[in-house]
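First comes the structure, then the notes that go with it.
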């Protein structure tokens, strides 16, 4: 378990500042591997990456996504869905932040969510998957097919 203490200064006026200790304890950290998915009409999909899931004592969970080998400057919608990577037709559990690839085809996105959403699902023991798609949410063609998938397993 990692522990990080931060000292914030609460300034009520320009003259008096009072230090306020804030403690953030990292309680869960685990990686999820994202594998390339077969995309209709495109046999050359090599995209892949990983997700780091971190839970904090402030009841927030941060999901950091890194994907490589994307089309340069491309935009990709992300979702957490119920099910397994073999069956991507299940309903959405939670949306993830849109991922924007740079000029080299590398993308990064972070989403912060309430931990209680994961805890409720963990109690049900329903499997979850992480998907990122061909296009972004606002694309007129829709988000398209999944390009990467990873099983989100609880530890």
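Laboratory data are not the source of any read-out in this text; all were calculated from the coordinates shown. Since the model is a prediction, treat every value here as computed from it, not as a measurement. Here the Cβ is made from the backbone with ideal geometry for all residues, glycine too, and neighbour counts use every protein chain on show.
Here are some notes:
- With the simple spin-label model, which puts each label point 7 Å out from Cα in the Cβ direction, the residue 100 to residue 84 separation comes to 3.7 nm.
- Subtracting the Cα-Cα distance of residue 54 and residue 137 from 0.36 nm times their residue separation leaves 27.4 nm of extension gain.
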